[in-house]
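Encoded as C-alpha coordinates, the structure appears first; notes follow it.
The values are calculated or read from the model by the stated rules, or taken from the named source; none is laboratory data. If you're wondering where the values come from, they're calculated on a predicted model, not measured in any experiment. Cβ placement follows ideal geometry from the backbone for every residue including glycine, while neighbour counts extend to all protein chains displayed. Only protein heavy atoms, including side chains, enter the accessible area calculation; ligands, DNA and RNA are left aside. Shrake-Rupley method; radii C 1.70, N 1.55, O 1.52, S 1.80 Å.
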Amino acid sequence: ELGRNNLVGEIPPEIAGLEYLKILSLHQNCIYGTIPSELGALSHLEQLDLYKNGLSGMIPNDLFEVTSLMQINVAYQYWNTHNCTRSDGTIAEMQYARADPVNDYNDGLKGEIFGDNIAKLRNLRQIRVDDNSFYGEIAPAIGNLRQLVILSGGNNLFSGTLPNE
(Lines give C-alpha, C1' and ligand atoms only; values in the text may rest on other atoms or scores of the structure.)
Protein backbone atom coordinates (compact mmCIF):
# COMPACT_ATOMS: atom_id res chain seq x y z
CA GLU A 1 0.00 0.00 0.00
CA LEU A 2 1.67 3.18 -1.25
CA GLY A 3 -1.43 5.29 -1.75
CA ARG A 4 -1.52 8.91 -0.57
CA ASN A 5 2.23 9.16 -0.17
CA ASN A 6 3.02 12.19 -2.34
CA LEU A 7 4.84 9.96 -4.83
CA VAL A 8 5.76 11.86 -7.97
CA GLY A 9 6.81 10.28 -11.25
CA GLU A 10 6.14 7.35 -13.53
CA ILE A 11 5.55 3.70 -12.65
CA PRO A 12 8.94 2.06 -13.14
CA PRO A 13 8.82 -1.00 -15.42
CA GLU A 14 11.25 -2.70 -13.03
CA ILE A 15 8.36 -3.18 -10.61
CA ALA A 16 7.57 -6.25 -12.71
CA GLY A 17 10.59 -7.87 -11.10
CA LEU A 18 8.50 -8.32 -7.94
CA GLU A 19 7.21 -11.60 -9.31
CA TYR A 20 5.08 -12.54 -6.28
CA LEU A 21 3.45 -9.13 -5.89
CA LYS A 22 -0.28 -9.49 -5.22
CA ILE A 23 -1.33 -5.89 -4.63
CA LEU A 24 -0.01 -2.82 -6.42
CA SER A 25 -1.61 0.21 -4.80
CA LEU A 26 -0.33 3.60 -5.91
CA HIS A 27 -3.62 5.50 -5.68
CA GLN A 28 -3.91 9.21 -4.96
CA ASN A 29 -0.35 10.20 -5.74
CA CYS A 30 1.15 12.29 -8.53
CA ILE A 31 1.85 9.38 -10.86
CA TYR A 32 1.88 10.25 -14.56
CA GLY A 33 2.85 8.63 -17.84
CA THR A 34 1.60 5.27 -19.04
CA ILE A 35 1.00 1.93 -17.37
CA PRO A 36 4.07 -0.15 -18.25
CA SER A 37 3.38 -3.27 -20.30
CA GLU A 38 5.83 -5.10 -18.03
CA LEU A 39 3.09 -5.30 -15.39
CA GLY A 40 1.69 -8.10 -17.53
CA ALA A 41 4.49 -10.29 -16.15
CA LEU A 42 3.07 -10.07 -12.61
CA SER A 43 1.30 -13.42 -12.77
CA HIS A 44 0.25 -13.30 -9.08
CA LEU A 45 -1.18 -9.78 -9.16
CA GLU A 46 -4.71 -9.68 -7.74
CA GLN A 47 -5.32 -6.00 -7.15
CA LEU A 48 -4.27 -2.99 -9.21
CA ASP A 49 -5.19 0.34 -7.60
CA LEU A 50 -3.98 3.32 -9.62
CA TYR A 51 -6.96 5.63 -9.22
CA LYS A 52 -6.69 9.41 -8.79
CA ASN A 53 -3.37 9.94 -10.50
CA GLY A 54 -2.54 11.43 -13.88
CA LEU A 55 -2.02 8.38 -16.05
CA SER A 56 -2.51 8.51 -19.80
CA GLY A 57 -2.33 6.20 -22.79
CA MET A 58 -3.88 2.79 -23.17
CA ILE A 59 -4.15 -0.18 -20.82
CA PRO A 60 -1.39 -2.48 -22.11
CA ASN A 61 -2.65 -5.68 -23.73
CA ASP A 62 -0.21 -7.64 -21.56
CA LEU A 63 -2.26 -6.70 -18.49
CA PHE A 64 -5.18 -8.72 -19.86
CA GLU A 65 -2.97 -11.81 -19.55
CA VAL A 66 -2.81 -11.49 -15.75
CA THR A 67 -5.67 -13.89 -15.07
CA SER A 68 -5.19 -13.64 -11.29
CA LEU A 69 -6.48 -10.03 -11.33
CA MET A 70 -9.57 -9.61 -9.18
CA GLN A 71 -9.69 -5.83 -8.94
CA ILE A 72 -8.70 -3.05 -11.32
CA ASN A 73 -9.22 0.55 -10.30
CA VAL A 74 -7.84 3.15 -12.71
CA ALA A 75 -10.64 5.67 -12.19
CA TYR A 76 -10.25 9.44 -11.98
CA GLN A 77 -7.21 10.09 -14.12
CA TYR A 78 -8.45 13.61 -14.87
CA TRP A 79 -10.54 16.26 -13.14
CA ASN A 80 -8.16 15.99 -10.25
CA THR A 81 -5.83 18.41 -8.59
CA HIS A 82 -3.07 16.98 -6.42
CA ASN A 83 -0.34 18.76 -4.58
CA CYS A 84 2.45 16.39 -3.67
CA THR A 85 5.46 17.32 -1.59
CA ARG A 86 8.69 16.04 -3.08
CA SER A 87 11.48 14.70 -0.87
CA ASP A 88 13.32 18.03 -1.23
CA GLY A 89 10.32 19.90 0.20
CA THR A 90 9.12 21.45 -3.06
CA ILE A 91 5.50 21.09 -4.12
CA ALA A 92 4.50 19.30 -7.31
CA GLU A 93 1.13 20.70 -8.36
CA MET A 94 -0.63 18.35 -10.70
CA GLN A 95 -3.88 19.33 -12.36
CA TYR A 96 -5.62 16.97 -14.71
CA ALA A 97 -8.55 18.04 -16.85
CA ARG A 98 -9.99 16.36 -19.91
CA ALA A 99 -9.05 17.43 -23.41
CA ASP A 100 -7.33 20.74 -22.88
CA PRO A 101 -4.25 20.42 -25.11
CA VAL A 102 -3.58 24.16 -24.90
CA ASN A 103 -2.72 23.73 -21.24
CA ASP A 104 -1.20 20.29 -21.79
CA TYR A 105 -3.71 18.66 -19.47
CA ASN A 106 -4.21 14.94 -19.41
CA ASP A 107 -7.38 13.35 -20.75
CA GLY A 108 -6.84 10.13 -18.84
CA LEU A 109 -6.55 6.57 -20.01
CA LYS A 110 -8.07 5.60 -23.34
CA GLY A 111 -8.78 2.62 -25.54
CA GLU A 112 -11.31 -0.18 -25.68
CA ILE A 113 -11.21 -1.44 -22.11
CA PHE A 114 -14.38 -3.50 -22.48
CA GLY A 115 -13.44 -5.27 -25.72
CA ASP A 116 -13.08 -9.04 -26.08
CA ASN A 117 -9.83 -9.00 -24.05
CA ILE A 118 -11.79 -8.38 -20.86
CA ALA A 119 -13.05 -11.99 -20.90
CA LYS A 120 -9.52 -13.23 -20.19
CA LEU A 121 -9.77 -11.76 -16.69
CA ARG A 122 -12.10 -14.51 -15.50
CA ASN A 123 -11.40 -13.83 -11.79
CA LEU A 124 -12.29 -10.15 -12.03
CA ARG A 125 -14.67 -8.99 -9.30
CA GLN A 126 -14.32 -5.21 -9.63
CA ILE A 127 -13.39 -2.88 -12.43
CA ARG A 128 -13.56 0.88 -11.99
CA VAL A 129 -12.61 3.06 -14.94
CA ASP A 130 -14.65 6.23 -14.30
CA ASP A 131 -13.43 9.63 -15.51
CA ASN A 132 -11.10 8.62 -18.31
CA SER A 133 -11.38 8.60 -22.10
CA PHE A 134 -12.14 4.93 -22.72
CA TYR A 135 -14.27 4.33 -25.79
CA GLY A 136 -15.92 1.63 -27.85
CA GLU A 137 -18.69 -0.83 -27.35
CA ILE A 138 -19.03 -3.17 -24.41
CA ALA A 139 -18.30 -6.63 -25.80
CA PRO A 140 -20.72 -9.49 -25.09
CA ALA A 141 -17.69 -11.30 -23.59
CA ILE A 142 -18.15 -9.23 -20.43
CA GLY A 143 -21.09 -11.51 -19.66
CA ASN A 144 -18.59 -14.33 -19.10
CA LEU A 145 -17.17 -12.59 -16.04
CA ARG A 146 -19.36 -14.49 -13.60
CA GLN A 147 -17.60 -13.15 -10.48
CA LEU A 148 -17.91 -9.48 -11.48
CA VAL A 149 -19.85 -7.51 -8.85
CA ILE A 150 -18.74 -3.93 -9.59
CA LEU A 151 -18.58 -2.49 -13.08
CA SER A 152 -18.12 1.27 -12.90
CA GLY A 153 -17.32 3.27 -16.02
CA GLY A 154 -19.06 6.63 -15.82
CA ASN A 155 -17.84 9.71 -17.66
CA ASN A 156 -16.07 7.98 -20.54
CA LEU A 157 -16.84 7.76 -24.26
CA PHE A 158 -18.53 4.35 -24.54
CA SER A 159 -21.03 3.69 -27.31
CA GLY A 160 -23.46 1.07 -28.55
CA THR A 161 -25.85 -1.06 -26.58
CA LEU A 162 -25.38 -3.22 -23.52
CA PRO A 163 -24.85 -6.89 -24.33
CA ASN A 164 -27.73 -9.27 -23.64
CA GLU A 165 -25.53 -11.90 -21.99
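In this structure, does LEU26 turn out to be surrounded by 17 or more Cβ atoms within 10 Å (Cβ to Cβ) and within 24 Å of ASP116 (Cβ to Cβ)?
Working: surrounded by 17 or more Cβ atoms within 10 Å (Cβ to Cβ): yes; within 24 Å of ASP116 (Cβ to Cβ): no.
When the stated conditions are applied, LEU26 does not pass them.
Mind listing whichever residues of the range 123-165 are among the charged types (D, E, K, R), surrounded by 14 or more Cβ atoms within 10 Å (Cβ to Cβ) and under 30 Å from HIS44 (Cβ atoms)? Show your work before the answer.
So in the range 123-165, the residues among the charged types (D, E, K, R) come out as 125, 128, 130-131, 137, 146, 165.
Those still in the list that are surrounded by 14 or more Cβ atoms within 10 Å (Cβ to Cβ) too: 125, 128, 130-131, 137.
Scanning the range 123-165 gives ARG125, ARG128, ASP130, ASP131.
So if I check each of LEU2, LEU7, LEU39, which one is more than 23 Å from ILE118 (Cα to Cα), modelled with pLDDT of 90 or more and in contact with a Leu (Cβ under 8 Å, 6 or more places away or on another chain)?
Values: LEU7 fails: modelled with pLDDT of 90 or more; LEU39 fails: more than 23 Å from ILE118 (Cα to Cα).
Checking each option against the conditions leaves just LEU2.
Which residues, taken from the range 51-71, are open to solvent by less than 30 Å² (accessible area, probe 1.4 Å) and farther than 16 Å from ILE11 by Cα?
Keep residues of the range 51-71 that are open to solvent by less than 30 Å² (accessible area, probe 1.4 Å), which gives 53-55, 57, 59-60, 63-64, 66, 68-69.
Listed by number, the residues that qualify are PHE64, VAL66, SER68, LEU69.
Results for (1) modelled with pLDDT of 90 or more; (2) among the charged types (D, E, K, R), shown as yes or no for each residue.
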{"residue": "TYR78", "(1), (2)": "no, no"}
{"residue": "ASP104", "(1), (2)": "no, yes"}
{"residue": "LYS120", "(1), (2)": "yes, yes"}
{"residue": "ARG128", "(1), (2)": "yes, yes"}
{"residue": "SER133", "(1), (2)": "no, no"}
{"residue": "ARG146", "(1), (2)": "yes, yes"}
{"residue": "THR161", "(1), (2)": "no, no"}
